[in-house]
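Participant: First the structure, then my questions, so here it is.
The values are calculated or read from the model by the stated rules, or taken from the named source; none is laboratory data. Fair warning: this is a prediction, and the values are worked out from it, not measured in the lab. Don't worry about glycine lacking a Cβ; one is built from the backbone with ideal geometry, like all the others, and counts go over all protein chains shown. Only protein heavy atoms, including side chains, enter the accessible area calculation; ligands, DNA and RNA are left aside. Shrake-Rupley method; radii C 1.70, N 1.55, O 1.52, S 1.80 Å.
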Amino acid sequence: MNPKNNSRKMFLEIVKQLRQLIHDEQVAVGGKLPSERELAERLQVGRSTVREALRSLELLGLIETRRGEGTFLSDYRKHQLVELLSTFILQESKSKEDVHTTREALEKDAIRTICLTEHLQKLTIWDAFVERLLQEEVLREDVIREILIISDNRLGLKIWFLLKQFAGEPYRSYMDSEEKRAWIQLLTSLQNGDEQLAVSFYNEWLLLMNRGEV
């Protein structure tokens, strides 16, 4: 077997076991991981192998090592994968377009899921959101994020958090009055379980949000 392939498989296996350990022990963001020595014993591999895996994860920002304190789990939403992709992959306009298309597909799927799930339609949070849209300034990403969270697609939410960062300034801006109107109609359609109308208002909102970029 090619030594490089063997080393790669070993690394991936260590990362997989680390992920399982974090899941089994319910290590939260900011939580401390076992020491390098303990990990080597528990995973039954050499400390140098564990050290290499931890170093790679730290470079990506998935974990953080604090001198004299230990190794801690970082927030995946802040890790460096976004910057790496932006630097080395997302230089072509087609790649950037694919990112936006994928993000929008996740958002539409979340809207459809809620429209097709009766107990989600009836949540009181929708009335609260409508009231907030009427009374306050609202960040675009705040509403979309709640839609993703309530739809309960955890993998989709994690992917969305990464893709959303490529949207840049538009998602970090406040909705104007026309956007709010579209969202109020969207939320009303969502409560009524009208999938087609809800997605239609979502598409209208996209046009409103992007009209200044054309």
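Participant: May I ask you to list pairs of residues, at least six apart or on different chains, whose Cβ atoms are under 8 Å apart, with the first in the stretch 33-52 being surrounded by fewer than 17 Cβ atoms within 10 Å (Cβ to Cβ) and the second being of a type in the set (Phe, Trp, Tyr)?
Facilitator: GLU52/PHE11
Participant: ILE150: out of contact with any strand residue (DSSP E or B) (no Cβ under 8 Å at 6 or more places or on another chain) and at pLDDT 90 or above, yes or no?
Facilitator: Here the answer is yes, as ILE150 does meet what is asked.
Participant: Considering only the stretch 15-59, state which residues are in a helix (DSSP H, G or I), closer than 22 Å to ASP75 by Cβ and among the aliphatic types (A, V, I, L, M).
Facilitator: Result: VAL15, LEU18, LEU21, ILE22, LEU39, ALA53, LEU54, LEU57, LEU59.
Participant: Same structure again: Please verify whether LYS16 is out of contact with any Asp or Glu (no Cβ under 6 Å at 6 or more places or on another chain), closer than 22 Å to LYS158 by Cα and either surrounded by fewer than 12 Cβ atoms within 10 Å (Cβ to Cβ) or aromatic (Phe, Trp, Tyr) (or both), treating the condition exactly as stated.
Facilitator: The answer is yes for LYS16.
Participant: If SER189 meets every condition in (1) in contact (Cβ under 8 Å) with a residue 40 or more places away in the chain; (2) surrounded by fewer than 16 Cβ atoms within 10 Å (Cβ to Cβ); (3) not hydrophobic (A, V, I, L, M, F, W, C) apart from one, which number is that one?
Facilitator: SER189 satisfies every listed condition except (2).
Participant: Given the conditions (1) buried (at least 19 other Cβ atoms within 10 Å of the Cβ); (2) at pLDDT 85 or above; (3) not acidic (Asp, Glu), which single one is not true for LEU207?
Facilitator: (1) is the only condition that LEU207 fails.
Table: residues versus (1) open to solvent by 70 Å² or more (accessible area, probe 1.4 Å); (2) touching a Ser or Thr at 6+ places or on another chain (Cβ under 7 Å).
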| position | (1), (2) |
| --- | --- |
| LEU123 | no, no |
| GLU137 | yes, no |
| ARG140 | no, yes |
| GLU146 | no, no |
| ILE149 | yes, no |
| ARG154 | yes, no |
| PHE161 | no, no |
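Participant: Quick one: which helices (runs of 4 or more DSSP H) sit completely within the stretch 126-214 and have at least 2 residues that are closer than 21 Å to ASP75 by Cα?
Facilitator: Filter on the stretch 126-214 gives 140-151, 154-164, 169-172.
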